[in-house]
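Report on the following structure.
Please treat every number below as a calculation from the coordinates, not as lab data. Being a predicted model, the structure only gives us computed values, none of them experimental. Here Cβ is always computed from backbone atoms with ideal geometry, including for glycine, and neighbour counts include all displayed protein chains.
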Amino acid sequence: MQTDELALLKEGIFASLEKDEINALAECITVVTYPAGHILQAQSGFRILLSGDVSVLRESMEIGQLQPGDGFGDWGLWGWMQQRVTLRSESEINVGEFDEKKLEAAIAKKLTAILRVLK
């Protein structure tokens, strides 16, 4: 994971985490690149947009945009809307995809960190 992508984990819901906790979180992520025009399918788990532009569409009408640092998937902002909206990359994008087993292990080691995130 590149330094600028790692920096995005320090924003938003992860802002309360310490440097070592951010580094542990980064160990749970695989970075995947998608081309412009790619439709991001609904999936279980959690993903975070690391770079690029993503449109949120409902019946082909743009209703929003995801910004780098925004989460999506079952755990993300759009989790409850996955069946109602489509996410389309408008440029080449990098997405951090969390490995749920690694994430669960990291959380188990740092329970106080997840409590800070939930607050």
Order these peptides, 105-112, 45-52, by their mean beta-carbon neighbour count within 10 angstrom, highest first. 45-52, 105-112
Amide hydrogen neighbours beyond the local backbone of E92, cut-off 5 Å, H modeled: A36
Around E90: net Lys/Arg minus Asp/Glu count, Cβ-Cβ under 11 Å: -2
